[in-house]
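These notes are about the structure you will find just below.
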Amino acid sequence: MARSINESGSSWVFPDGPLEEIASRCDVITAASLVGSCKFYHDSATQSVALPASQPFGMPCVLHTHQTEVPPAHNPFYRVHKFKQEGAQKDKQHDAKDRKGTLCQLTPLDRISSDAVIPDGGTGMWAGANGDWIALLGFPWNWELVNVYTGRRIPLPPISEFKSTPDKLVFESNDQHLQLLKIAICRVPTAASNYTSFSVLAIFNAAIAVLHCASSRWTVLDNQFLAYGYSDAIIHKGIVFAVTQTGEVYAWNQLSWGPLLISTAPIPPELDEQGRYNLGSWWLARSPDGSRLFLVHTWGVTDGRDYTGLVRILPAAATSEGRHGRTIRGYGKGLLGCEVYSMDTSQLMPPRPWRRIISLGSYSLFLGVNYPIIIPVEDGAEHDRPNMARSNSVYTSHHAVGLAYPPSPEICRFSLNSEDCTVGFQTNIRWTWRQVPLWLIPSFANARQWNLPSRHRLCRGGGDGHLEALTGDNIDLIAAHLDVTYTVRLAACSRELYDMISKDEGKMHHWDEPCLLMPPPAYWFDEHWDVARASRLHDTVYDLVPLDHPRRSVALPFMHDRKWLGANGDWIAAADHHEWCLVNVYTERHIPLPSLPDSKIRHSIVSSRPAYSFNWRPEIYLLKIVICQVPTKGGRYADYKLIALFDKTIFYLEGGGDWRMLEALTPAPDYPNYCDAIELRGHVFAVDETDGSTYFWDTANENLMLPFVIPPPVVDDQQYAWFLAPSADGKRLMIILTVNKIGIANAEVPPDIPYAANGLQLRQYPPVATYVFELDPLSTARAGDFLWRQVNSLSDHSLFLGLNYPIIANLKKRESKAPDGTLVPFMRKNCVYTAYRNIRYNQYPKILRCNLQPDEGETVGVISLPKDGWDSVRQAAMWFKPALNIAHSVLPLKKQ
């Protein structure tokens, strides 16, 4: 794969190649669409070794509804669609609607489930699939074929002989109720036929209709001999074959004859005697070379109904094991079974007999609502256990849409090897979902056909990275799936991409707005690890939550087995069991930090609490690492300044040097109780939580003499939370104090108010006293008069305080109050926002917004994070401001 390394040497942008890096971050459907967007990507993908490892291309997967409810605000395709500019030019060549989609899951047989965003059907239901196409059912008669990769839609005409009912799956014909089972896409539309020629079967319980062209009419196939309802149908060698629920097979030649009963059910005597065929399903398929017709009978799979009086009972699993986030159950011989029969249909009058197939060789069959799939499957083993994907097997899913009860087991593998038992699993979804699981093989094999109507897209190249071939829609869709860090990397590839992403017409990334960096929701609750991973939630992917917009994900691979201790700009201070370090969020540049001097402090263990504890005369605890000055390229990344803030002492570090202890020499046991610290104009300031006294040291003094002590601006009996911050111009020191505890009378807890914009929970509390004071510490120190001046307004700015270095955000375009007096919008100017004060602040987490000029009776806005699960999270939420400036700084001067 070609690397995207521009003239500035930004090898960090996509070290493993742009296609593989981006595709591994997108869902599988969008990744395939990306491959088909230009010739360079297509050729690279076909030669790539790493790409299949990141996405399940070419693997049979179960496409099913996502296991968690995804509101529209969190649906990337929905956001792309919603924020499209009105009057934007449509893609006339594709004649497709604006593409929005539904977040689903693809479950490979031997992998963790992955996300898949398929074109949205609105209220439509999946009713069939074949290759790149799915059939969607709307109401009334809003049927269409949709390409899952391009979003192209082909509307299907209504069946004139049938009348619709309030149930989109039930129709009426001659006073007879017809239940739609599925839509069989027997021949898919192609670009060569201008997407007008295809073959589709509408399979009902008592009728079958066939359509060969979007502009033609459905032909209903009559069958006066039908005694039992249909189960399945296909087109084989131009002839329509259908099998009933009892195994009779009928055939129609639309040009000359039909219907013709070609066979009754070829039931083995042992099954017939036990009556098991009554609970079986019948399927039709074609042989791998397309020459013979297959008839498949599966039995033993139940659907949850009461079968009292029948020989068959609900199957009991003999064995079970957890694999890839789902439970695989094994069923003993005689509980579930499958037979496969074959017929040569070159002669149907009289028909030739069915022949039992005892082996499919290297092939396996995948049956369900989808059109039958028969492909070669390689056997393998994982950790001495056989894979779920096996050759010589028959896999089944739901046999129809709209079933009142799901089959049990839902996904089955029937092996034709007599020594293997049947295994099955569920898709881990609630049966309230309207979509039926079906088999789909994600692939970009037909990418050239996707682009034939606009040939220039596939053939266009250009640029060292060939990313210029991406259109605006491509960028919108990709950016909707990429996390924040990889969006910045994409912007760093060329000025064209930077300009396109910085404009951000879709408003999917809100650059330069302070956001909450926090663990994803799965870590706040008691959720199984495999389930969390199945949702792409793992220990290096976090949530970045704007206060009034949908949350984004941010990938931080360097955080594996690490905890963050602080942040400033693009840099995070992190620690593991061995070292402290600084890491750039976007470039992942790693700067190890020196150890603390053993003569001053001795490292002990990592506490079970979310803290790092150390031994030094009295036991002291690390609160946070304050990144006072970030490392820069101009300073060879050695010009940083850090403060290691402990509760009873402070260490200071300048790049290239060693840690120096800043001592206050207060007599025991009256040690300082530090709660915050910053560096300003060559001096370190630290505030004591006990009374608000502020200590400051001159860092230019090698000996770091005893500090000056600035008295607090307020002296009373109230308990305050104290914070330090520089002024907007960086010349004055600000001290911020809020009441440490908030609440209402009688310890009542206000109700949570869900905020649909980002999924957070808000609460309203009574007003809290919040004060901001400032002074010029250097001039007042020389005069010997430390006089704090109260700041009554931050004007167009707001302060964001917590574990991070203080952020002073210019929010000129924001209001200071909500017009209707409500909590939202939550981001406002002239406010103070406080989050976790240190890494071991394990009280019930509340994030406050306090207005410096509140109206009478104005409440305090509170973001309430889950209390349960905090002990397992151990990552304090902090403020982080995503920015594209680092992408701009590495771009070459010459436009690519």
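Worth pointing out:
- Considering the range 186-206, and only residues there that are open to solvent by 10 Å² or more (accessible area, probe 1.4 Å) and assigned to a loop (DSSP other than H, G, I, E, B), the residue that is farthest from residue 127 (Cα to Cα) turns out to be 194.
- Number of the condition not met by residue 796 [criteria: (1) exposed (fewer than 12 other Cβ atoms within 10 Å of the Cβ); (2) of a type in the set (Asp, Glu); (3) at pLDDT 85 or above]: (1)
- Condition broken by residue 277, with the remaining ones in (1) open to solvent by 40 Å² or more (accessible area, probe 1.4 Å); (2) of a type in the set (Ser, Thr, Tyr); (3) at pLDDT 75 or above satisfied: (3)
- Boolean, residue 226 is at pLDDT below 85, part of a loop (DSSP other than H, G, I, E, B) and over 18 Å from residue 280 (Cα atoms): no
- Residue match in the range 190-200 (condition: farther than 30 Å from residue 37 by Cβ and touching a residue at least 40 places away in the same chain (Cβ under 8 Å)): no
- Taken over the range 369-389, the residue count meeting the criterion of being modelled with pLDDT of 90 or more, surrounded by 12 or more Cβ atoms within 10 Å (Cβ to Cβ) and either more than 29 Å from the chain's Cα centre (by Cα) or not polar (S, T, N, Q) (or both) is 7.
- Enumerated strands (runs of 3 or more DSSP E) restricted to the range 352-427, each holding at least 3 residues that are of a type outside the set (S, T, N, Q): 355-357, 363-367, 373-376, 411-415, 422-425
- Check on residue 579, open to solvent by 40 Å² or more (accessible area, probe 1.4 Å), modelled with pLDDT of 85 or more and within 30 Å of residue 113 (Cβ to Cβ): no
- The residues of the range 404-425 that are touching a strand residue (DSSP E or B) at 6+ places or on another chain (Cβ under 9 Å) and open to solvent by 40 Å² or more (accessible area, probe 1.4 Å), listed by number, are 405, 408, 417, 420, 421.
- Counting only residues that are outside any strand (DSSP E or B) and either at pLDDT below 80 or touching a Lys or Arg at 6+ places or on another chain (Cβ under 8 Å) (or both), the range 734-767 holds 15 of them.
Each row is one residue, and each column tells you yes or no for (1) aromatic (Phe, Trp, Tyr); (2) at pLDDT below 90; (3) touching a Leu at 6+ places or on another chain (Cβ under 9 Å).
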residue	(1), (2), (3)
561	no, yes, no
584	no, no, no
589	no, no, yes
594	no, no, yes
600	no, yes, no
604	no, yes, no
611	no, yes, yes
616	yes, yes, no
624	no, no, yes
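- The range 161-185, residues that are surrounded by 13 or more Cβ atoms within 10 Å (Cβ to Cβ), part of a loop (DSSP other than H, G, I, E, B) and more than 41 Å from the chain's Cα centre (by Cα): 161, 162
The values are calculated or read from the model by the stated rules, or taken from the named source; none is laboratory data. Please read all numbers here as calculations on a predicted model, not as lab measurements. All Cβ positions, even for glycine, are placed from backbone atoms using ideal geometry, and neighbour counts span all protein chains on display. For accessibility, only protein heavy atoms count, side chains too; no ligands or nucleic acids. Shrake-Rupley method; radii C 1.70, N 1.55, O 1.52, S 1.80 Å.
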